[in-house]
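Undergrad: Okay, handing you the structure first.
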Amino acid sequence: MLRSLKLSVPEIRAELGLSQSELAGLAGISIRAIQSYEQEWRRPSALVERILLLLLMAHRNGAGLPRSRCWERKQCPPACARRASPT
C-alpha cells in the first residue's frame, strides 16, 4: 500500500516530525520494528501501513499528534502502562 502511494516509513515519520520512539508509541509497535521498516529489512504489515496512513492523514488535516503515550500524559499506574506498552 505504501509503495503504491510512493511513500516510505522515513518519509511519513519526517512529515509527522516524530522520532522513531514517538512514532512507535503512537503506532503501538516497537522501535525496532520502525528501524527495520526504515532500513527496509522488513515491510510493514497491512495493519501497520493503515495505522501510519491514518496518522499521516490526521496530521495533514490539522490534527495535533501527541508526543507522548496516553498513559504517560494521564499518569496511569505502572501496571496499566505495562499492559499497554508495545514491546
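Read-outs throughout are calculated quantities, based only on the coordinates presented, and are distinct from any laboratory measurement. Everything quoted here is computed from the prediction, not taken from an experiment. Ideal geometry is used to build each Cβ from the backbone, glycine not excepted, and the neighbour counts take in all protein chains shown.
Undergrad: Specify whether the C-alpha gyration tensor of segment 1-51 places it in the rounded, prolate or oblate class, a ≥ b ≥ c being the square roots of the eigenvalues: rounded for a/c under 1.5, otherwise prolate if a/b is larger than b/c and oblate if not.
TA: rounded
Undergrad: Which of the trypsin sites (Lys or Arg not before Pro) found in segment 1-56 are in a DSSP loop and have at most 14 neighbouring Cβ atoms, other than their own, within 10 Å?
TA: Values: sites: Arg3, Lys6, Arg13, Arg32, Arg42, Arg50; in loops: Arg3, Lys6, Arg42.
Counting only loop positions with at most 14 other Cβ atoms within 10 Å, the trypsin sites (Lys or Arg not before Pro) in segment 1-56 are Arg3, Lys6, Arg42.
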